[in-house]
Amino acid sequence: GPNGATYIYGPQKGATTQDLIDLEGGMQHFQALLEAWSGKELNQIDGAGAAGGVGGGMSALFDASMQSGIHFFLEKFDIETQLLKVDLVITGEGKLDAQSPQGKLISGIAGLCQKHQKPLIAICGAVKLSAEETRVMGLTSAFSVLSELVSEKEALKNGLKNIEETTAQIANLIHTLKGQES
């Protein structure tokens with residue numbers, strides 16, 4: 001539907017209006033096949049549409065139970081314990097937008113940083129939230145790696161270089177601030 005993976009993430013990946021219609025039709029067809037095969041109503045399972053419907057597919061095909069992806073990864077890699085050992089957390093996000101606080105891994109990291117009063121910097125492909133929205137989400141600051149207007153294809157082609165340059169700029173700032181503390 002309009003709040004599902006197709007219409008939320010498709011445009012981020014370059015899908016055209018026609019692509020979205022075709023993709024959503026395919027998703028609905030696949031859902032109908034899974035429901036007919038499993039006897040489950042996937043729209044009635046919380047989280048079944050997450051990660052592009054992977055959870056719903058696993059539930060239908062393998063009778064898998066649903067688990068929060070954020071909590072799984074935070075526990076699997078013992079992020080909270082690791083976070084206690086650092087003064088600053090830097091994370092990445094392809095596109096920081098209204099969806100970011102709603103179940104993406106960055107929202108879980110932000111919650112832990114707030115809990116333990118650790119500053120959090122996000123390095124992003126695009127930042128679509130205001131400074132106030134990022135603060136409310138729990139980020140100290142967010143930076144886009146794009147220094148000029150380019151096509152999405154160009155941005156992806158130069159992604160590593162752009163991330164390195166943004167990271168170097170942030171490191172320069174941190175180094176300068178640390179020098180002022182001495």
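Here are the numbers:
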{"read-out": "2 or more residues more than 30 Å from Glu75 (Cα to Cα) and among the basic types (Lys, Arg): qualifying helices (runs of 4 or more DSSP H) within segment 96-182", "value": "152-157, 159-181"}
{"read-out": "Single unsatisfied condition, Ile174 versus (1) over 23 Å from Lys104 (Cβ atoms); (2) free of Cβ contacts under 8 Å to residues at least 40 places away in the same chain; (3) surrounded by 11 or more Cβ atoms within 10 Å (Cβ to Cβ)", "value": "(2)"}
{"read-out": "Output for segment 125-145, where each listed residue is under 14 Å from Gln169 (Cα atoms) and either touching a Leu at 6+ places or on another chain (Cβ under 8 Å) or open to solvent by 20 Å² or more (accessible area, probe 1.4 Å) (or both)", "value": "Ser141, Ala142, Phe143, Ser144"}
{"read-out": "Looking only at segment 64-95, and only at residues there that are in a loop (DSSP other than H, G, I, E, B) and of a type in the set (Ser, Thr, Tyr), the one that is most open to solvent (accessible area, probe 1.4 Å)", "value": "Ser65"}
{"read-out": "Test set (1) in contact with a Ser or Thr (Cβ under 9 Å, 6 or more places away or on another chain); (2) open to solvent by 50 Å² or more (accessible area, probe 1.4 Å); (3) of a type in the set (A, V, I, L, M, F, W, C); (4) within 30 Å of Ala126 (Cβ to Cβ) - Leu61 fails condition number", "value": "(4)"}
{"read-out": "Segment 9-56, residues that are open to solvent by 60 Å² or more (accessible area, probe 1.4 Å) and assigned to a loop (DSSP other than H, G, I, E, B)", "value": "Thr16, Gly39, Glu41, Asp46"}
{"read-out": "Flag if Ile8 is of a type in the set (A, V, I, L, M), over 21 Å from the mean Cα position of the chain (by Cα) and modelled with pLDDT under 90", "value": "no"}
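The values are calculated or read from the model by the stated rules, or taken from the named source; none is laboratory data. Quantities reported herein were computed from a predicted structural model and do not represent experimental measurements. Glycine also receives a Cβ, built like all others from the backbone with ideal geometry; neighbour counts cover every protein chain displayed. Surface areas here come from the heavy atoms of the whole protein model, side chains and all, with no ligands, DNA or RNA. Shrake-Rupley method; radii C 1.70, N 1.55, O 1.52, S 1.80 Å.
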